[in-house]
Amino acid sequence: MGEVARFQEEGQPVARAKSALRAEWLILNVGQKMKDVTKLTPADFRAHPIWKFSDSDESNETAVEPVKKLPVRSLAGSLAGVEVTLACGEKVAAFLGNIEVDQPKPTEHFLTLSVFGDRGEIFHLSRYHDFDHHERGPDALAAFLKMQKEEVFPVSWDVRHLVSGAPAAVYGQILAEPRERLSRAHLIALAIP
C-alpha cells in the first residue's frame with residue numbers, strides 16, 4: 001500500500017491512486033513507448049519529431065507516445081518538435097501544438113510554442129488570450145532567451161516535412177502582437193465548430 005499512498009491525495013479513492021501508479025509504471029517501463037509530456041527533451045524530438053497524447057485507458061492525460069510513421073495527415077492531439085527560427089536568424093529547439101493542418105485561422109490563434117533553453121529547461125509561450133499572458137508572453141520569452149524582443153519575433157516555424165498532402169497551415173510565423181485579436185466569444189466559436 002506504500003506506493004499507492006504516494007499517489008493518494010486526501011479524500012481520493014484508492015482506485016484512482018492505483019490508476020496513477022499503473023500509469024507511472026507504464027510510462028517508465030513500456031520500452032519508453034510512453035513518456036510524460038513534461039519530460040520530453042530535444043533528443044526525444046530528434047528521435048521522433050511527433051509525439052501524440054495517449055488515448056490509452058492505462059495512461060494519464062500527460063502521457064505522450066512517439067509517432068513512428070511519418071509523414072502524418074493530421075497533427076491533432078500531437079506535439080511537433082522542430083527548430084524554429086528567431087527574427088535574428090538563430091535557430092532554437094522547440095515544440096509546437098494545436099496545429100490544425102487544414103485550418104490556418106484556428107492554428108494562428110491556438111498554436112502553442114514551447115522553447116528549450118541551453119540547459120534543457122522549457123519555456124511555454126502564452127498566447128494573447130491565455131490568462132498568464134503578462135507573465136509568459138513575448139517579453140518573457142525574450143528574457144528567457146536573453147535577447148531583445150525584436151531579436152526573437154517574429155518566430156518562424158515549419159512542419160511541412162512532417163505532414164503529407166498540401167495542408168494550408170503547416171508553416172508560419174508567431175508574432176509578438178497578433179494580426180487580429182479575437183473576442184472570447186469568437187475564440188470559443190472557433191474552438192468548437
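FYI, it's all coordinate maths here, none of it is from the lab. Remember, it's a predicted structure, so these values are computed and weren't measured experimentally. A quick note on method: Cβ atoms are made from the backbone with ideal geometry, for glycine too, and the neighbour counts reach across all protein chains shown.
I'm told Ser114 meets every condition in (1) farther than 13 Å from Val152 by Cα; (2) over 13 Å from the mean Cα position of the chain (by Cα) except one. Can you identify the failing condition by its number?
If we test Ser114 against (1) farther than 13 Å from Val152 by Cα; (2) over 13 Å from the mean Cα position of the chain (by Cα), just (2) comes out false.
Name the residue that is surrounded by the fewest Cβ atoms within 10 Å (Cβ to Cβ), counting only residues in the range 136-159 that are farther than 17 Å from Glu121 by Cα and in contact with a strand residue (DSSP E or B) (Cβ under 6 Å, 6 or more places away or on another chain).
The selected residue is Pro154.
Take the residues in the range 77-113 that are in contact with a Gly (Cβ under 8 Å, 6 or more places away or on another chain), assigned to a strand (DSSP E or B) and not hydrophobic (A, V, I, L, M, F, W, C); name whichever of them is nearest to Leu182 (Cα to Cα).
Ranking the qualifying residues of the range 77-113, first place goes to Thr112.
Tell me, yes or no, whether the range 54-73 has at least one residue that is assigned to a strand (DSSP E or B) and closer than 29 Å to Leu182 by Cα.
No: zero hits.
Can you find a residue in the range 143-155 that is out of contact with any Leu (no Cβ under 8 Å at 6 or more places or on another chain), part of a loop (DSSP other than H, G, I, E, B) and touching a residue at least 60 places away in the same chain (Cβ under 8 Å)?
Looking for residues that are out of contact with any Leu (no Cβ under 8 Å at 6 or more places or on another chain), part of a loop (DSSP other than H, G, I, E, B) and touching a residue at least 60 places away in the same chain (Cβ under 8 Å), one finds none in the range 143-155, hence no.
Please name all residue pairs, on different chains or six or more residues apart, with Cβ atoms under 9 Å, provided the first residue is in the range 167-178 and is under 10 Å from Glu108 (Cα atoms) and the second residue is part of a loop (DSSP other than H, G, I, E, B) and among the hydroxyl-bearing types (Ser, Thr, Tyr).
Pro178/Tyr128
Can you tell me which residue in the range 83-135 is surrounded by the most Cβ atoms within 10 Å (Cβ to Cβ), limited to those that are under 17 Å from Ile50 (Cβ atoms), touching a Leu at 6+ places or on another chain (Cβ under 8 Å) and aliphatic (A, V, I, L, M)?
Ranking the qualifying residues of the range 83-135, first place goes to Ile99.
Taking into account only those residues within the range 55-76 that are in contact with a Gly (Cβ under 9 Å, 6 or more places away or on another chain) and of a type outside the set (Lys, Arg), which is surrounded by the most Cβ atoms within 10 Å (Cβ to Cβ)? Working first, answer last.
Taking the range 55-76 first, the residues in contact with a Gly (Cβ under 9 Å, 6 or more places away or on another chain) are 55, 71, 73, 75.
Filter again for of a type outside the set (Lys, Arg), leaving 55, 71, 75.
Values: Asp55: 9, Pro71: 14, Leu75: 24.
That would be Leu75.
Mind checking whether some residue in the range 178-186 is small (Gly, Ala, Ser) and exposed (fewer than 13 other Cβ atoms within 10 Å of the Cβ)?
yes
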